[in-house]
Amino acid sequence: MVRTSRLTWVFAESGTDKSRLLTCGLLPLLQRRADDRGGPTRTASASLPERRPLGSERRSPRGAEVAVYFARWTETPLSDLRSTIAEALPPSIRASGVGRGRLVADLARLHERTGAHLIVLLDRFEEYLALKPDRGESGPFADELVDAFTQTKLAASLLIAMDEAARTRLERFRWRVPGIDHNFLRLTPVAPA
């Protein structure tokens, strides 16, 4: 789902341990299956129904796959995400990487020059939604996300994980991106044995 769709959501109850699923389950799987996608996978992290999914077109398997885990929801999420993406890039293509222009344009340029495909895992997104839209980079970050959601040929996939209870806070995006949360996976808590 993550590789073939532009945007995938993971919703779960608070305490379901979505972060562990992403960091201990999905990231190692992306690394292990890199060979079947035509190139190496790099990873970096920042610590702390018949509808067609948004961006469901398939990408070319050429080039590296770069997996980025991000969950640092400070007042500068855009700068922090750019830094995390830059850390994830192999040194040989880092110079072609993410600058200070529009993020979507930087990612498109990166793909044109290197064939790299980014898989960005945004975890604990409810923390971003709790930020005030007019503080720091919160507003510009939202604009960059909307661009990423709506660009039809962007060589990147986004997986956004958040608490189910915060799903109603996505309203600030719904009017800009109809069907924003139609491609999702809902995790249910596992009962103790």
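The values are calculated or read from the model by the stated rules, or taken from the named source; none is laboratory data. If you're wondering where the values come from, they're calculated on a predicted model, not measured in any experiment. Counting neighbours? That spans all protein chains shown, and the Cβs are built from the backbone with ideal geometry, glycine included. Areas reflect the complete protein model, heavy atoms only, side chains present, ligands, DNA and RNA absent. Shrake-Rupley method; radii C 1.70, N 1.55, O 1.52, S 1.80 Å.
Among the numbered criteria (1) open to solvent by 40 Å² or more (accessible area, probe 1.4 Å); (2) at negative phi; (3) modelled with pLDDT of 90 or more, which single criterion is violated by A193?
Single failed check for A193: (3).
Going by what's in this entry, would E144 be described as modelled with pLDDT of 90 or more, buried (at least 16 other Cβ atoms within 10 Å of the Cβ) and over 25 Å from L21 (Cα atoms)? Please lay out each step first, then the result.
Values: modelled with pLDDT of 90 or more: yes; buried (at least 16 other Cβ atoms within 10 Å of the Cβ): yes; over 25 Å from L21 (Cα atoms): yes.
In short, yes.
Considering only residues that are over 20 Å from A156 (Cβ atoms), at pLDDT 90 or above and out of contact with any strand residue (DSSP E or B) (no Cβ under 6 Å at 6 or more places or on another chain), which ones fall in the stretch 1-42?
Initial filter on the stretch 1-42 (over 20 Å from A156 (Cβ atoms)): 11-21, 24-25, 28, 32, 35.
Imposing the further condition that a residue be at pLDDT 90 or above reduces the set to 11-13, 18-21, 24-25.
Within the stretch 1-42, E13, S19, R20, L21, C24, G25 meet the criteria.
State whether one or more residues within the stretch 43-54 are polar (S, T, N, Q), open to solvent by less than 60 Å² (accessible area, probe 1.4 Å) and modelled with pLDDT of 55 or more.
For the stretch 43-54, residues polar (S, T, N, Q), open to solvent by less than 60 Å² (accessible area, probe 1.4 Å) and modelled with pLDDT of 55 or more: absent.
Right, R58: open to solvent by 50 Å² or more (accessible area, probe 1.4 Å), at pLDDT below 70 and either assigned to a helix (DSSP H, G or I) or basic (K, R) (or both) or not?
Numbers: open to solvent by 50 Å² or more (accessible area, probe 1.4 Å): yes; at pLDDT below 70: yes; either assigned to a helix (DSSP H, G or I) or basic (K, R) (or both): yes.
Judged against the criteria, R58 is a match.
How about the stretch 130-141: which of its residues are open to solvent by 10 Å² or more (accessible area, probe 1.4 Å) and on the phi < 0 side of the Ramachandran plot? I'd like the intermediate steps shown before the answer.
Let us first name the residues in the stretch 130-141 that are open to solvent by 10 Å² or more (accessible area, probe 1.4 Å), namely 130-137, 139-140.
Passing the criteria: A130, L131, K132, P133, D134, R135, E137, G139, P140.
Determine whether the stretch 165-187 contains at least one residue that is surrounded by 13 or more Cβ atoms within 10 Å (Cβ to Cβ), farther than 16 Å from W9 by Cα and small (G, A, S). Break it down stepwise before answering.
So the first thing to find is which residues in the stretch 165-187 are surrounded by 13 or more Cβ atoms within 10 Å (Cβ to Cβ), and the list is 166-167, 169-170, 173, 176-177, 179-185, 187.
When the remaining residues are screened for being farther than 16 Å from W9 by Cα, the result is 176.
Narrowing the set further to residues that are small (G, A, S) leaves none.
No, there is no match, as no residue in the stretch 165-187 is surrounded by 13 or more Cβ atoms within 10 Å (Cβ to Cβ), farther than 16 Å from W9 by Cα and small (G, A, S).
As an exercise: evaluate R100 against (1) modelled with pLDDT under 85; (2) surrounded by 15 or more Cβ atoms within 10 Å (Cβ to Cβ); (3) charged (D, E, K, R) and give the number of the one condition it does not meet.
(2)
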